[in-house]
Structure formats: C-alpha cells, structure tokens
1. Out of all the residues in the range 64-79, which are surrounded by 13 or more Cβ atoms within 10 Å (Cβ to Cβ) and in a loop (DSSP other than H, G, I, E, B)?
2. Which ones in the range 44-58 are touching a helix residue (DSSP H, G or I) at 6+ places or on another chain (Cβ under 9 Å), surrounded by fewer than 17 Cβ atoms within 10 Å (Cβ to Cβ) and part of a strand (DSSP E or B)?
3. Would you check which residues across the range 61-79 are in contact with a helix residue (DSSP H, G or I) (Cβ under 8 Å, 6 or more places away or on another chain) and either more than 19 Å from residue 45 (Cα to Cα) or at pLDDT 95 or above (or both) and list them?
4. Going through the range 87-107 one residue at a time, which ones are closer than 23 Å to residue 9 by Cβ and exposed (fewer than 14 other Cβ atoms within 10 Å of the Cβ)?
5. Could you please let me know if residue 82 is surrounded by 14 or more Cβ atoms within 10 Å (Cβ to Cβ), touching a strand residue (DSSP E or B) at 6+ places or on another chain (Cβ under 9 Å) and assigned to a helix (DSSP H, G or I)?
6. Within the range 55-77, is even one residue closer than 21 Å to residue 107 by Cα, touching a residue at least 40 places away in the same chain (Cβ under 8 Å) and within 12 Å of the chain's Cα centre (by Cα)?
7. Anything in the range 85-107 that is part of a strand (DSSP E or B) and closer than 22 Å to residue 38 by Cβ? List them, or say none.
8. If you take just the strands (runs of 3 or more DSSP E) that sit entirely in the range 1-43, which of them hold at least 3 residues that are touching a residue at least 60 places away in the same chain (Cβ under 8 Å) and under 11 Å from the mean Cα position of the chain (by Cα)?
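The values are calculated or read from the model by the stated rules, or taken from the named source; none is laboratory data. Owing to the predicted nature of the structure, the values given are computational and were not obtained by experimental measurement. Using ideal geometry, Cβ is built from the backbone for each residue, glycine included, and neighbour counts are taken over all protein chains shown.
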C-alpha cells in the first residue's frame, strides 16, 4: 500500500525522545497518535520513508507483537489502519501531521531534522 509511515519527531520541546512508529489511538478512540510499542500518546508525528511496503495487516501484526488485541477488535483496527495508510500515502515525507476529528490527518508544515529515522 505505502512505504511511508508516521513516527515520533526527534525531539519534543527541546528534549530528545526515543523514536517509534505511531498509529491512531485505537485503544482509547482519541484523535491522537499512540506509539506502537509504548502506547504513549503524541499530538504530532512526522511522515517518514520506511523502505518497506506496509498494509493494514502488517501494522496489525506489528501491534500484536507488543500488545494483546481482542479478536473482536481486529476488523475495526484493520479498517482504521487501512484509512490511515491511505492518508499517509498522499502526504510528503518530512511533513509534520496531527489529527483532526475522526482520525483525519492534517499537515502542519515541514519537519527539519539533523538525522534520518533509525540513525
């Protein structure tokens, strides 16, 4: 579907933070991002190039590595992730994004980083 995803920025309010991939907060159904590994919430994220083609099944599988998912929620999560990835596909790498209502991504500008994701 796309080789782009959203990650945490390199720093927040001048503090260096651990980078991780972000998904919509499907756990609390809030218009915020949540870290796939940590479940920490974030208001903004940065679109990054992953180099790997991702679809909703891959995102769900990655999420299940870190968190148990109720089988009754899997289809709902997959639908949300499919819509999420479709939006990400249309946004340029390096854009800062946040959520409006109903998990709609909005672009907030370009992120200037001193390093690539994963460095």
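1. 69
2. 52
3. Step one: of the range 61-79, the residues in contact with a helix residue (DSSP H, G or I) (Cβ under 8 Å, 6 or more places away or on another chain) are 63, 69, 74, 77-79.
Passing the criteria: 69, 74, 77, 78, 79.
4. Just the residues of the range 87-107 that are closer than 23 Å to residue 9 by Cβ, to begin with: 87-101, 103-107.
Result: 89, 90, 92, 100, 101, 104, 106, 107.
5. no
6. At the first step, the residues of the range 55-77 found to be closer than 21 Å to residue 107 by Cα are none.
Checking the range 55-77: not a single residue is closer than 21 Å to residue 107 by Cα, touching a residue at least 40 places away in the same chain (Cβ under 8 Å) and within 12 Å of the chain's Cα centre (by Cα).
7. 96, 97, 98, 99, 105
8. Details: elements: 2-7, 22-25, 30-35.
By residue number, 2-7.
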